[in-house]
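Trainee: Could you have a look at this structure, given as structure tokens, before my questions?
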Amino acid sequence: MFFRYQGEAYDRRFLPRLTTKEIAAMDKEDVLLVLPVGAVEQHGPHMPVFTDTLLGEAMLAKAFEHLPENSSIWLLPSVSYGKSTEHAGHPGTITLSAKTLMAVLEDISSSLARSGFRKLLLFNTHGGNADLLGMMAREIRITTGLEVYRLDPGAVGYSDSFTDEAEKACGIHAGDVETSLVMATCPGWVNAELAPREMPNFPDSRYFSFRSRSFAWVMDDISGSGVAGDATKATADRGEAMLETAGPLLAKALLHIASFDMASLKNG
Ligand SMILES: [Zn+2]
């Protein structure tokens with residue numbers, strides 16, 4: 001069970017628990033700030049609309065348990081709302097427009113730069129945010145001078161050994177992985193009896209590759225239930241195992257990013 005504002009991340013590494021004086025006094029040279037960006041959007045008939053934001057916080061809470069005590073990595077409060085326009089029209093979806101999310105990210109990052117910080121990581125748990133965050137990472141780099149990094153938890157492969165090929169190909173929304181994770185995180189928030197299985201017919205073609213985003217879709221184009229994946233397979237035990245796997249993998253990624261030296265990119 002995940003408790004917000006408890007555990008290592010919130011007790012020791014949640015930046016806004018400090019006073020302005022304490023933040024002023026921090027040695028910010030090597031500090032990496034982690035900004036979780038989630039979403040509030042429909043997640044099928046069985047899961048809460050808060051799923052993406054909840055899972056971002058739960059995974060980071062796990063990751064922070066695996067950071068050394070002296071690490072310079074600090075957690076920021078989540079941007080709870082994302083760009084979920086592909087789920088608009090489904091009750092409970094609360095979406096920011098692309099413009100609004102861009103403005104929110106600009107304002108947060110310029111505030112961080114003014115506070116003297118130098119490194120920012122955008123930690124994203126909603127696929128619909130990914131393109132915008134990729135673009136904004138560079139914009140923020142240009143407008144604020146911050147070093148900006150991107151990490152989506154799927155990139156560390158925490159669920160690879162728990163899912164079959166069909167789920168890997170089609171389980172992109174409210175399927176086995178997300179449902180198992182929410183069952184492990186907040187068991188009372190999932191109604192497993194209502195969990196559907198719906199696998200979209202993603203074309204197997206180099207010209208219409210789903211993964212490389214070669215076509216645009218909204219949720220109603222690919223799913224009738226609001227789910228893409230097999231949520232009937234989900235169990236709390238596997239969700240717990242996925243979280244336990246994610247913790248050290250994400251901690252390793254965070255440490256790697258925190259110690260990265262941008263100056264090392266240039267040869268000449
Ligand atoms: Zn989700």
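Trainee: Over all alpha-carbon pairs in region 30-100, figure out the percentage whose distance exceeds 19 Å. Don't skip to the answer; put the middle values down first.
Mentor: Details: 1060 of 2485 pairs.
Tail of the P(r) past 19 Å holds 43 percent of the pairs.
Trainee: Take every Cα pair under 8 Å in region 46-99 that's 6+ residues apart, average their separations, divide by the length, and report that relative contact order as a whole percent. Don't jump to the answer; show the numbers that get you there.
Mentor: Numbers: 25 pairs, mean separation 16.2, N = 54.
Worked out over region 46-99, it gives 30 percent.
Trainee: Classify region 34-160: rounded, prolate or oblate, from the alpha-carbon gyration tensor (a ≥ b ≥ c, eigenvalue square roots; a/c under 1.5 rounded; otherwise prolate if a/b is larger than b/c)?
Mentor: Oblate is the answer for region 34-160, as a/c is 1.5 or above yet b/c matches or exceeds a/b.
Trainee: Sort out for me the Cα centre separation of region 206-247 from region 130-151, rounded to whole Å.
Mentor: 25
Trainee: Roughly speaking, what % of Cα-Cα pairs in region 193-268 are separated by over 21 Å, rounded to a whole number?
Mentor: The calculated P(r) of region 193-268 puts 61 percent of pairs beyond 21 Å.
Trainee: Quick one: angle between helix 236-258 and the longest Cα principal axis of the chain, in degrees between 0 and 90, rounded to 10, please.
Mentor: 30
Trainee: Take the Cα pairs of the chain, get the Kirkwood Rh, then feed it into Stokes-Einstein at 10 °C and 1.306 mPa s and tell me D in µm²/s.
Mentor: 83
Trainee: Helix-only estimate, please: 222 nm mean residue ellipticity of the chain, summing -39500 (n - 2.57) across DSSP H runs of length 4 or more and dividing by its residues, to the nearest 500.
Mentor: On the way: 9 runs with 101 residues, N = 268.
Here the helix-only value at 222 nm equals -11500 deg cm²/dmol.
Trainee: Normalised by the number of residues in the chain, what is the relative contact order in percent for Cα pairs under 8 Å and 6+ residues apart?
Mentor: So the answer I get is 24 percent.
Trainee: Moving on to the next point. What's the ranking of 176-185, 125-134 by average number of surrounding C-beta atoms within 10 Å, highest first?
Mentor: In descending order of packing, they fall as 176-185, 125-134.
Trainee: What is the ratio of the Cα radius of gyration of region 113-167 to 2.2 N^0.38 Å, where N is its residue count, to two decimals?
Mentor: For region 113-167, the normalised Cα radius of gyration is 1.45.
Trainee: Something else: For Lys83, what charge total do you get from the other residues with a beta carbon under 13 Å from its beta carbon, if Lys and Arg give +1 and Asp and Glu give -1?
Mentor: -3
Trainee: Eight or more residues apart or on different chains, and alpha-carbon atoms under 15 Å: count the Lys pairs in the chain matching that.
Mentor: The number of close lysine pairs in the chain is 4.
Trainee: Same structure, new question: For region 77-125, what value does the Rg/Rh ratio take when both radii are computed over Cα atoms and Rh is the Kirkwood radius, given to two decimals?
Mentor: 1.06
Rule-based calculations on the coordinates, nothing more; no lab input. Everything quoted here is computed from the prediction, not taken from an experiment. Ideal geometry is used to build each Cβ from the backbone, glycine not excepted, and the neighbour counts take in all protein chains shown.
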